[in-house]
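Here the structure comes first, spelled out in structure tokens, and everything after it is commentary.
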Ligand code: ADP
Ligand code: ADP
């Protein structure tokens with residue numbers, strides 16, 4: 001069970017959980033959001049094109065995503081498996097992934113909308129290592145600094161309220177239909193994403209057995 005997709009609305013806890021699961025299973029954590037943010041930070045042509053869509057809370061065009069994912073899956077470390085976090089996000093992406101590789105399981109995170117907003121409004125991210133914190137639920141040890149590398153934590157531009165509202169709309173319209181897509185293929189494992197990170201981690205481990 002090592003070819004895994006994490007599906008769920010923004011703020012559901014996918015990134016928080018993905019790091020631990022990938023480490024335990026010895027597979028790479030492939031976050032299209034992290035790859036895109038690194039491209040934006042580097043100022044590459046990909047980053048320049050993606051930046052406006054991301055700030056507005058819209059999906060980045062599929063062609064850019066297919067290029068990123070195709071290149072990433074071609075690297076040898078994905079032979080032992082992979083954990084996609086934030087991909088696929090619409091039907092065209094799910095169909096493309098199906099042509100690229102079989103997958104073993106799709107973990108879908110279930111979290112109430114009010115809780116998503118609570119989580120996103122106080123999320124802080126390390127721009128260097130992408131670690132995520134929450135001012136109330138998962139604060140860093142030293143205020144405003146990453147536990148791992150001491151870098152000053154930032155609020156992502158798309159975690160501001162206007163962009164959050166748009167991302168939740170985009171999720172409902174474009175990404176939520178993938179629940180049926182994967183249910184039909186008998187790959188879907190819904191996991192309750194509320195409660196402590198440890199409780200959620202245990203549910204995910206059980207769902208991957
Ligand atoms: P996603 O990758 O699905 O968008 P994140 O993993 O970045 O979500 O989590 C969103 C926010 O919620 C972060 O601030 C994170 O620290 C916090 N968070 C994650 N899991 C939990 C949890 N189980 N309980 C409370 N807050 C959480
Ligand atoms: P979250 O889990 O909080 O929604 P991500 O880091 O997964 O955040 O994504 C941040 C942004 O990056 C998205 O709002 C979108 O603009 C872009 N993005 C990430 N993955 C994809 C994808 N598979 N397809 C299109 N856009 C994407």
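Every number here is computed from the coordinates shown, using simple stated rules; none is lab data. Here the structure is a predicted model, which means the values were calculated and not measured. In this analysis, Cβ positions are derived from the backbone assuming ideal geometry, glycine residues included, and neighbour counts consider all displayed protein chains.
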Query - Cβ-based exposure ranking for 67, 141, 2, in which fewest neighbours within 10 Å come first - result: 141, 67, 2
Report summary line: The correct pair for segment 50-93, radius of gyration to one decimal and Dmax as a whole number, both in Å and from Cα atoms, is 11.9, 36
Report summary line: Over the Cα atoms of segment 116-209 the radius of gyration and the largest Cα-Cα distance (Dmax), both in Å, equal 16.0, 46
Query - Listed residues 121, 194, 44, most fluctuating in the chain (Gaussian network, C-alpha, under 10 Å) - result: 44
Query - Structure-based [θ]222 nm, the chain - -39500 (n - 2.57) summed over DSSP H runs of at least 4, per residue, nearest 500 - result: -13500 deg cm²/dmol
Query - Within a Gaussian network of the chain (alpha carbon springs, distance under 10 Å), most fluctuating of 142, 163, 38 - result: 142
Report summary line: Least to most buried among 137, 181, by other C-beta atoms within 10 Å and fewest first, runs 137, 181
Query raised in the report: Over the alpha carbons of the chain, what is the largest minus smallest coordinate on each principal axis, giving the biggest first in Å?
Result: 44, 41, 34
Query raised in the report: Rg and Dmax of segment 40-132, using alpha carbons, in Å: what are they?
Result: 15.3, 40
